[in-house]
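K.L.:
Dumping the structure here so I can ask a few things about it.
No value in this document is a laboratory result; all are computed from the given coordinates. These numbers were taken from a predicted model, which means no experiment stands behind them. Note that each Cβ is placed from the backbone with ideal geometry, even for glycine, and that neighbours are counted across all protein chains shown.
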Amino acid sequence: MDQVEVAIIGAGVVGLAVARALAERGREVIVIERATAFGTGISSRNSEVIHAGLYYPAGSLKARLCVRGKALLYDYCAARGIAHSRCGKLVVATREADLPRLAQLAASGAANGVADLRLLERAEVNHLEPALHAAGALLSPSSGIVDSHGLMTSLLGDAERHGASLALASPVTGGERLADGWRLRIGDDFDLGARHVVNAAGLFACQVARALGAPAPALRLARGHYFSLPGRAPFQRLIYPLPVDGGLGVHLTLDLGGQARFGPDVQWLPDTDPAALDYTVDPALGTRFEAEVRSYWPALPAGALQPAYSGVRPKLSGPGEPAADFVIDRGQPGLVNLFGIESPGLTAALALAEDLAASL
């Protein structure tokens, strides 16, 4: 049986960030990925937003890792020449009755250490974004966007330069605890020994944990669809409505070329098998998307939205329940399970890796 010091299961942005952090500290690392390429799951099916840290309860892992991860991510992108933009974000209240919710978000962000937030009145919003319909807004200057594939490519390159390796098309199908670590079964017939295992398998993290004989929480999958807008939208910043059950509402994000996309919505899935997911976007959803977008952009042209892509998030809470925090489970010696790493996982990745590298 081949042996390695640390095996990381999952080559999304979190797994690659952890691999980089450990390899740079001189640890022997292999990243094991079930797909035929890195970063094809949650990490490539999101809004590519760098979150500021507004939405999460004070003291939660999401709050702490998002705020710390944001700072690390901007520094890392600047140092490595990774495309990104600190374009800012407006969270919009379209009705006067919703203005207190903006104040609550501002207080939540301040409690998490986000020091640059500013509540705007209608006239200030119109000055910044004339096409926007809003009774008021919360300005988050430190929100932004990043080229997630460029980020993951850089993380992998850093890890490999420090001796880490990546094994693709290598699903973990079982394993067991040994006296000095873990035995991982890869595919049908290959065994790998590892002193430490980090389960960063995203949508598959609960399945992997159970395959290793470790307990895992109940998983709820929520699909989010995205639509794109041909041409340029008349906005310079990200535009978000107030949060909804299970998500942040159908928001407008910009890519690094200035093109707008809208989403995601929240569609709870009855099946929790991540291997059987359907990522098709039904064009008929465009009518509902248009209605939601027109609540803050009334001039959206009819029929302008085009189906783009969809993504699925691994949630640890269901409809109508308070959003669950990230779970970093160390209940089994030598095994760290990362459960429920959804948004703001992209923003938090470097901070999460920093924590794990310091404690593993």
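K.L.:
Would you kindly calculate the translational diffusion coefficient of the range 54-95, applying Stokes-Einstein with the Kirkwood radius from alpha carbon pairs, for 25 °C and a viscosity of 0.890 mPa s, and quote it in µm² s⁻¹ without decimals?
P.N.:
On the way: Rh = 12.3 Å.
Estimated via Stokes-Einstein, D reaches 199 µm²/s.
K.L.:
Okay, moving on. So for the range 1-126, what are the equivalent ellipsoid semi-axes in whole Å, largest first, each being the square root of 5 times an eigenvalue of the Cα gyration tensor? Numbers along the way, then the final one.
P.N.:
Working: eigenvalues 272, 47, 42 Å².
For the range 1-126, the semi-axes come out at 37, 15, 14 Å.
K.L.:
Based only on the alpha carbon positions, what is the Kirkwood hydrodynamic radius of the range 89-139, in angstrom? Don't skip to the end; give the middle numbers.
P.N.:
Numbers: mean 1/r = 0.0919 Å⁻¹.
Computed over the range 89-139, the radius equals 10.9 Å.
K.L.:
Taking Cα centroids, how far is the range 258-287 from the range 1-55 in Å?
P.N.:
24 Å
K.L.:
Identify which of Ala107, Ala194, Ala93 has the largest mean-square fluctuation in a Gaussian network model of the chain, with springs joining Cα atoms closer than 10 Å.
P.N.:
In the Gaussian network model the winner is Ala107.
K.L.:
Can you tell me the convex hull volume per residue for the chain, based on C-alpha atoms, in Å³ to the nearest whole number? Don't jump to the answer; show the numbers that get you there.
P.N.:
Numbers: hull volume 46.2 nm³, N = 360.
With only Cα atoms used, the chain gives 128 Å³ per residue.
K.L.:
Count charges around Pro319 for me, please; just the other residues with Cβ under 14 Å from its Cβ, Lys/Arg as +1, Asp/Glu as -1. Intermediate results must be reported in sequence, preceding the final value.
P.N.:
Details: positive: Arg220, Arg223, Arg313, Lys315; negative: Asp245, Asp265, Glu321.
Neighbour charge sum, excluding Pro319 itself: +1.
K.L.:
Hey, another quick one. Run the helix sum for the chain: -39,500 (n - 2.57) per DSSP H stretch of 4+ residues, divided by residue count, reported at 222 nm to the nearest 500 deg cm²/dmol.
P.N.:
My calculation for the chain gives -8500 deg cm²/dmol from helical runs alone.
K.L.:
Then there's this: How big is the dipole moment of the chain about its Cα centre under a simple scheme where the beta carbon of each Lys and Arg is +1, that of each Asp and Glu is -1, and everything else is neutral? Debye, nearest 20, please. Mind showing how you got there, number by number?
P.N.:
On the way: 32 positive and 36 negative charges, 119 e Å.
For this selection, approximately 580 debye.
K.L.:
To the nearest µm²/s, what D does Stokes-Einstein give for the range 155-285 at 20 °C and 1.002 mPa s, using the Kirkwood radius over alpha carbon pairs as Rh? Spell out each step's value before the answer.
P.N.:
Values: Rh = 18.5 Å.
Calculated translational D: 116 µm²/s.
K.L.:
Pop out the ³J(HN,Hα) list for the range 268-273 in order, Karplus 6.51 cos²θ - 1.76 cosθ + 1.60 with θ = phi - 60°, rounded to Hz; leave Gly and Pro as x.
P.N.:
Running phi through 6.51 cos²θ - 1.76 cosθ + 1.60 with θ = phi - 60° gives 6, 9, x, 9, 9, 8 Hz.
K.L.:
Just to be sure I understand: with springs between alpha-carbon atoms less than 10 Å apart, which residue in Ala19, Ala304, Ala137 has the highest mean-square fluctuation in the Gaussian network model of the chain?
P.N.:
Maximum fluctuation in the GNM of the chain, among the listed residues, is at Ala304.
K.L.:
Taking the chain as a Gaussian network, Cα atoms linked when under 10 Å apart, which of Thr287, Thr94, Thr153 shows the biggest mean-square fluctuation?
P.N.:
Thr287
K.L.:
Would you compute, for the Cα atoms of the range 300-360, the largest minus smallest coordinate along each principal axis and list the three values in descending order, in whole Å?
P.N.:
The Cα atoms of the range 300-360 stretch 56, 27, 16 Å along the principal axes, largest first.
K.L.:
Given 10 °C and 1.306 mPa s, how large is the Stokes-Einstein diffusion coefficient of the range 110-182 in µm²/s, with Rh as the Kirkwood radius over Cα pairs? Could the numbers behind the result be given before it?
P.N.:
Working: Rh = 17.8 Å.
Approximately 89 µm²/s, per Stokes-Einstein.
K.L.:
For the range 1-70, just run the numbers: alpha carbon Rg, then divide by 2.2 N^0.38 Å, N being how many residues it has.
P.N.:
Working: Rg = 14.8 Å, N = 70, 2.2 N^0.38 = 11.1 Å.
Cα-based Rg divided by the globular estimate yields 1.34.
K.L.:
Here's a follow-up. What net charge do the residues around His225 carry, taking every other residue with its C-beta under 9 Å from that of His225, with Lys and Arg at +1 and Asp and Glu at -1?
P.N.:
Net local charge, His225 excluded: -1.
K.L.:
No solvent, one uniform scatterer per C-alpha: report log10 I(q)/I(0) for the range 220-315 via the Debye equation at q = 0.19, 0.21, 0.24 1/Å, two decimals.
P.N.:
One equal scatterer on each Cα of the range 220-315 leads to -0.90, -1.06, -1.30.
K.L.:
Could you pull out every one of the aspartates and glutamates with an alpha carbon less than 14 Å from that of Lys62, ignoring same-chain neighbours closer than 8 positions?
P.N.:
The qualifying aspartates and glutamates are Asp325, Glu342, Asp355.
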